[in-house]
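Have a look at the structure below before the remarks.
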Amino acid sequence: MTQPVFRFAPSPNGELHLGHAYSALLNAQMAEKAGGRLLLRIEDIDTARCTPEFEAGIYRDLEWLGIAWEKPVRRQSEHFEQYARLLDRLVEAELVYPAFMSRGETRAHITQTEERGRAWPRDPDGVPLYPGLDKTLGTAERRRRMAAGEPFAWRLDMAAAAAALRAPLTWIEFADADMTSTRVVDARPDQWGDVVLARRDVATSYHLSVVADDALQGVTHVVRGLDLFQATGVHRLLQMLLGLSEPVYFHHRLILGSDGRKLSKSLRDSGIDALRSSGRTPDDVKRMVGL
Ligand code: GLU
């Protein structure tokens, strides 16, 4: 049997907080239990919001927590060309299309439809689905607009992608962090509509780069927060379309703030750096997150 490979994949666009500490510590604990390896991946495709200072903060905080990871660390911003090659395959297969509608046009279309009394579908995060009117553009018109330099994003044609699958789409989810039992979850990527796979300013997307890297790095166990549970449907779809390997998943509970809401990167008091400065120890942090 091959050795299990786990990963912790933070984005350096803010300080690590208790939620990240829980995710990283749980990954380390589960990797140890499974006799596996732990990788750290820096998810910095959004080069406008990610900074070297936040990245340095990640290393400092993880080290302080006593977490060891393998080096070299994979930095997504160094691999845009690999993601572009995967996207090319989807372009060739006509499973993605150039989406030209701006945010304003999209909003106007949705508002007009809702004013006529029809509810517009929303994704699991509450964001209205993309109207996808440009799917009907002919090849010549698409080429003309692209050649003219009109801004567009590559979006997955969800209906075409779903039709390209032969078998029902599922994933395997551990019942708990003990990893002794699993269940099969029905993947519902259609809930997300025509997701963006690459933008003009960022030539990839979270969905595309995460499945690319999990496969390239041989990740077998994806342990991450429950907020990404439904996104796994999109990941499984991309894995199937691109012939990428399928990890087993465990989506852990989220650490909530005292107001019962998800922690955000601007919440100073739950930041690891702030906790350390206030004299807390790594063991205190473990206790705070229930480990
Ligand atoms: N980079 C993502 C985040 O910071 C996590 C990605 C993942 O674990 O799949 O929320």
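The values are calculated or read from the model by the stated rules, or taken from the named source; none is laboratory data. Keep in mind that what you see is a predicted model, and the values were worked out from it rather than measured. A quick note on method: Cβ atoms are made from the backbone with ideal geometry, for glycine too, and the neighbour counts reach across all protein chains shown. Just so you know, the surface numbers come from the protein's heavy atoms only, side chains and all, with ligands and any DNA or RNA stripped out. Shrake-Rupley method; radii C 1.70, N 1.55, O 1.52, S 1.80 Å.
Among what's in segment 54-80 and is open to solvent by 50 Å² or more (accessible area, probe 1.4 Å) and within 20 Å of the chain's Cα centre (by Cα), pick the residue that is nearest to HIS20 (Cα to Cα). Give the steps one after another, and end with the answer.
Within segment 54-80, the subset open to solvent by 50 Å² or more (accessible area, probe 1.4 Å) is 54, 56, 59-60, 63-64, 66, 68, 70-72, 75, 78, 80.
Now narrow it down to the ones that are within 20 Å of the chain's Cα centre (by Cα): 54, 75, 78, 80.
Working: PHE54: 13, ARG75: 18, GLU78: 23, PHE80: 25 Å.
Restricting to residues being open to solvent by 50 Å² or more (accessible area, probe 1.4 Å) and within 20 Å of the chain's Cα centre (by Cα), the top hit is PHE54.
Sort through ALA203, ALA167, ALA215 and tell me the only one that's open to solvent by 10 Å² or more (accessible area, probe 1.4 Å) and within 15 Å of the ligand (Cβ to nearest atom). Working first, answer last.
Numbers: ALA203 fails: within 15 Å of the ligand (Cβ to nearest atom); ALA167 fails: within 15 Å of the ligand (Cβ to nearest atom).
Within the list ALA203, ALA167, ALA215, the selection yields ALA215.
How many of the residues making up segment 25-47 are within 11 Å of the ligand (Cβ to nearest atom), open to solvent by less than 40 Å² (accessible area, probe 1.4 Å) and not polar (S, T, N, Q)?
Taking segment 25-47 as the starting set, the residues that turn out to be within 11 Å of the ligand (Cβ to nearest atom) are 27, 41-46.
This time we only want the ones that are open to solvent by less than 40 Å² (accessible area, probe 1.4 Å), so: 27, 41-45.
Filter once more, so that each one left must be not polar (S, T, N, Q): 41-45.
Count: 5.
Pick from segment 10-24 the residues that are open to solvent by 10 Å² or more (accessible area, probe 1.4 Å) and out of contact with any His (no Cβ under 9 Å at 6 or more places or on another chain): which of them is farthest from ALA203 (Cα to Cα)?
Narrowing segment 10-24 to residues open to solvent by 10 Å² or more (accessible area, probe 1.4 Å): 11, 13, 15, 17-20, 22-23.
Restricting the remaining residues to those that are out of contact with any His (no Cβ under 9 Å at 6 or more places or on another chain) gives 11, 13, 15, 17-20.
Working: SER11: 17, ASN13: 18, GLU15: 25, HIS17: 28, LEU18: 31, GLY19: 28, HIS20: 26 Å.
Among those that are open to solvent by 10 Å² or more (accessible area, probe 1.4 Å) and out of contact with any His (no Cβ under 9 Å at 6 or more places or on another chain), it is LEU18.
With respect to VAL195, determine if the residue is open to solvent by less than 70 Å² (accessible area, probe 1.4 Å), touching a residue at least 40 places away in the same chain (Cβ under 8 Å), over 25 Å from ALA28 (Cα atoms) and among the aliphatic types (A, V, I, L, M). Reasoning before the result, please.
Details: open to solvent by less than 70 Å² (accessible area, probe 1.4 Å): yes; touching a residue at least 40 places away in the same chain (Cβ under 8 Å): yes; over 25 Å from ALA28 (Cα atoms): yes; among the aliphatic types (A, V, I, L, M): yes.
Yes: the conditions hold for VAL195.
What is the number of the single condition among (1) open to solvent by 30 Å² or more (accessible area, probe 1.4 Å); (2) without any contact (Cβ under 8 Å) to a residue 60 or more places away in the chain that ALA187 does not meet?
All conditions pass for ALA187, except number (1).
Quick check on my filter: what residues within segment 1-16 are more than 11 Å from the ligand (Cβ to nearest atom), in contact (Cβ under 8 Å) with a residue 60 or more places away in the chain and not aliphatic (A, V, I, L, M)?
Scanning segment 1-16 gives THR2, PRO4, GLU15.
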